[in-house]
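Data block below; observations after.
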Amino acid sequence: VLLDVLSEENLSNFIIQITPTIYQICISPHGTRVMQKLIEKLFTSVFLLNKLSFALANSNLIDIMKDPYGNHIIQKFLICIHDPMKNGFIIDTVVNNFLNITNSKHGVCVVQKCVSEGTKEQKEKVLSLITSNIYEILTDQFGNYVIQYLLTSTDVNLLEIDGILQYILDNIFAICKMKFSANVIEKCF
């Protein structure tokens, strides 16, 4: 409620005040709600959004993405902000730390949101990484959910995941016998 009545100057000061502790705020069950409301409030202000983006980009972003509470902030950012100049730091972090984030219980949700909410170019980057790391993702207890998501998502067409489908088809017998990748085969059916 406080965020709704603050002026742009007060919001700017608020961001300055929270910047040193933004990581702790993001991984807090109550702080994550505040951050999500802040993102909703700021998505129309380029200046304030840049300040918040800078604060997040200079925090422990990978750990925020992998945190049970923090990942919701990153997802909210991707849902609200579709400008690659403003959300690019998130996509870049995912791309540069792909398997670390994809093989995380909560990071996998961020990767899925990168596919569903990213620009065409951002989506292609992430899909390319998925394709080139298919074995590691398929056989991971959390990463396999990315593949399952792609198989059922309306945000992706079959041509975009042709390489993934071909890999599954070429290796179906081996994939069926592995604990986590067998879930992907079930999803195919």
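The values are calculated or read from the model by the stated rules, or taken from the named source; none is laboratory data. In this text, all values refer to a predicted model and were calculated from it rather than measured experimentally. Positions of Cβ are backbone-derived with ideal geometry, glycine not excepted, and every protein chain shown enters the neighbour counts. Each accessible area value is taken on the protein alone, full model and side chains, heavy atoms only, with ligands, DNA and RNA left out. Shrake-Rupley method; radii C 1.70, N 1.55, O 1.52, S 1.80 Å.
Figures for the structure shown
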quantity	calculated
Rounded tilt (10° steps) of 8-18 against the dominant C-alpha axis of the chain	70 degrees
Cα point-scatterer Debye curve for the chain, base-10 log of I(q)/I(0) at q = 0.08, 0.10 Å⁻¹	-0.29, -0.43
Residue among Asp155, Asp140, Asp67 with the largest mean-square fluctuation in a Gaussian network model of the chain, springs linking Cα atoms under 10 Å	Asp155
Net lengthening on full extension, Gln166/Met85 (0.36 nm per residue, minus Cα-Cα)	25.8 nm
Computed accessible area, Tyr135, all protein chains, 1.4 angstrom probe, square angstrom	110 Å²
Proximal charge balance of Cys109 [Cβ under 15 Å; K/R count +1, D/E count -1]	-1
For region 140-188 and region 30-82, distance of Cα centres in Å	30 Å
GNM result for the chain, Cα springs below 10 Å: residue of Cys176, Cys26, Cys80 fluctuating most strongly	Cys176
Charge dipole (debye, nearest 20) of the chain; +1 at Cβ of Lys and Arg, -1 at Cβ of Asp and Glu	360 debye
Per residue value of the accessible surface for the chain (all protein chains in place, 1.4 Å probe), Å²	51 Å²
Listed residues Asn10, Val34, Gly88: farthest to the positive end of the dipole of region 1-108 (Cβ charges)	Val34
Length added when fully stretched, Leu6-Asp63, from 0.36 nm per residue minus Cα-Cα	17.6 nm
Estimated Rh, region 29-69: Kirkwood, alpha-carbon pairs, angstrom	10.9 Å
J(HN,Hα) series, region 24-37, from Karplus relation 6.51 cos²θ - 1.76 cosθ + 1.60, nearest Hz, glycine and proline x	5, 5, 5, 9, 8, x, 8, x, 4, 5, 5, 5, 5, 5
Length added when fully stretched, Met178-Gln17, from 0.36 nm per residue minus Cα-Cα	53.1 nm
Rounded percent of accessible protein surface that carbon and sulfur make up, the chain, 1.4 Å probe	55 percent
